[in-house]
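The values are calculated or read from the model by the stated rules, or taken from the named source; none is laboratory data. Please read these numbers as outputs of a predicted model, since none were measured by experiment. FYI the Cβ positions are ideal-geometry reconstructions off the backbone, even for glycines, and counts take in every protein chain you see. For the accessible areas, the whole protein counts, side chains as well, though only heavy atoms, and no ligand, DNA or RNA atoms are used. Shrake-Rupley method; radii C 1.70, N 1.55, O 1.52, S 1.80 Å.
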Amino acid sequence: MATKPRVAVTRIIPDAGLDLIRDATDMRLWKDPLPPSPAELDDLLADAVGALTLLTDKIDDPLLARHPQLRVVSNFAVGFDNVDVDAATERGVAVCNTPDVLTGTTAEMAFTLMMAAARRVSEGVDYVRDGKWKTWGPTLLLGQDIVGATLGIVGFGRIGRELARMARGFNMKLLVYDTYIDPTAADEFGVTYVSLGNLLQESDFVSLHMALNDDTYQMIGADELRMMKPTSVLVNAARGPVVDTDALVSALRDGEIFAAGLDVTDPEPLPADHSLVSLPNCTVVPHIASATVVTRDRMATLAARNLLAVLNGDTPEAIVNPKVLERSQRDSGT
Ligand code: GLV
């Protein structure tokens, strides 16, 4: 019987994916609820030809150099800023991710945060829990309207587009900033492309959906926050470091913007004593935008199928650096 390939899985993921990997490979699973340390990750990856990784695992060039036998890194996420894709490509390692299956769920969380922050939901919950609710109040916890407001979407990929679709149901006016202008999108989604400055100045809600890279690191800083309306709400369901955290704390504290709704933060996890946690106009949830039962099952299945496809010499459903496969297919004459 042929020996099964050694594969490392860096956390317990839903059985829908784990069972596929367990059946087809010699799986080594990191069972701790916290991520492996860099040294523990090295141990886990010893002899592994495939790795199913999470966004908390840093897969950089030195790590790839220490594991030259690796053929595939399959990330259990649509984002892949934890992986040095250029280094992986250079070393012939396929990098896979989980797009599409989480688009609606993630856009839903951006919308949830938008509404929760605008309508002061967590402040209201605290108010009731703290026993402060004594009567109906004409000026109690006044928020901002969503219906008919202007939503600015920064980054118009799959999730940004899904959010636009949802927002149309709320009769929102839609502005978009993206470095790539899709000529068909304006009509298809009813959006208007504008500069980042115009978007920040004109929007009542600004929702961030760009990938994290050198160009987008702290793209929203003090200057950008100052351009926003004092009644506006910032939502981040992308990656924490696209916003300058200190600048955001000041903007929220000084009333430069009305509120923020954050699924992601910098740092992550956010310590409980961080200013963003104690500011009443900041609603923070722990990076759970794709966290529904069905979506996490789909992500697990897709991540497992991607991993196994590469190991079987097949084309995975989602690959970030297809060049690697083209090269290996060329080399093997297929
Ligand atoms: C989660 O943040 C993801 O990238 O899937």
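I need the per residue convex hull volume for segment 32-157, using only the alpha carbons, in cubic angstrom as a whole number.
Expressed per residue, the convex hull around the Cα atoms of segment 32-157 is 162 Å³.
Calculate one ³J(HN,Hα) per residue across segment 18-31 by plugging θ = phi - 60° into the Karplus curve 6.51 cos²θ - 1.76 cosθ + 1.60, and present them in order as whole Hz with x for glycine and proline.
So the J values, rounded to whole Hz, are 4, 5, 4, 6, 4, 5, 9, 9, 8, 8, 10, 10, 7, 9.
Read phi for every residue in segment 33-46 and hand back ³J(HN,Hα) as whole Hz from Karplus 6.51 cos²θ - 1.76 cosθ + 1.60, θ = phi - 60°, with x for Gly and Pro.
x, 9, x, x, 5, x, 5, 5, 5, 4, 4, 4, 7, 3
Nearest 10 degrees, 0 to 90: what angle lies between the long axis of helix 293-311 and the longest principal axis of the chain (Cα atoms)?
30 degrees
Per residue, how many Å² of accessible area does segment 89-238 show with a 1.4 Å probe? Numbers along the way, then the final one.
Details: 7400 Å² over 150 residues.
Spelled out: the 1.4 Å probe surface of segment 89-238, per residue, equals 49 Å².
Which of the peptides 14-22, 27-35 is most tightly packed, and how do the rest follow, going by the mean number of other Cβ atoms within 10 Å of each residue?
On the way: 14-22: 18.3, 27-35: 13.4.
Top of the packing list down: 14-22, 27-35.
Any number yet on Rg/Rh for the chain, C-alpha, Kirkwood?
1.02
Run the quick spin-label model on R6 and A46: label points 7 Å from Cα toward the beta carbon, then report their separation in nm to one decimal.
It is 0.8 nm.
Please report the carbon-and-sulfur percent of the accessible area for the chain; probe 1.4 Å, protein heavy atoms only, DNA, RNA and ligands left out.
Roughly 52 percent of what the probe reaches on the chain is carbon or sulfur.
Give me a comma-separated list of calculated 3J(HN,Hα) values for segment 210-227, in order, Karplus coefficients 6.51, -1.76, 1.60 applied at θ = phi - 60°, integers in Hz, x for any Gly or Pro.
Values, residue by residue: 8, 6, 8, 7, 4, 6, 9, 4, 6, 4, 9, x, 4, 5, 5, 5, 5, 6 Hz.
At q = 0.09, 0.12, 0.14 Å⁻¹, what is the log10 ratio I(q)/I(0) for segment 103-284, with the Debye formula run over Cα points and no solvent?
The computed values of log10 I(q)/I(0) come out as -0.30, -0.53, -0.72.
Hey, quick one: spin label on A211, modelled 7 Å out along Cα-Cβ, who in segment 71-90 has an amide N within reach, i.e. under 12 Å?
Label zone hits: 78-86.
Could you sort the peptides 109-122, 281-294, 137-150 by per-residue average Cβ neighbour count (10 Å cutoff), highest mean leading?
The most tightly packed comes first, giving 109-122, 281-294, 137-150.
Expressed as a rounded percentage, what relative contact order does the chain have, with Cα pairs under 8 Å and six or more residues apart?
Here the relative contact order equals 20 percent.
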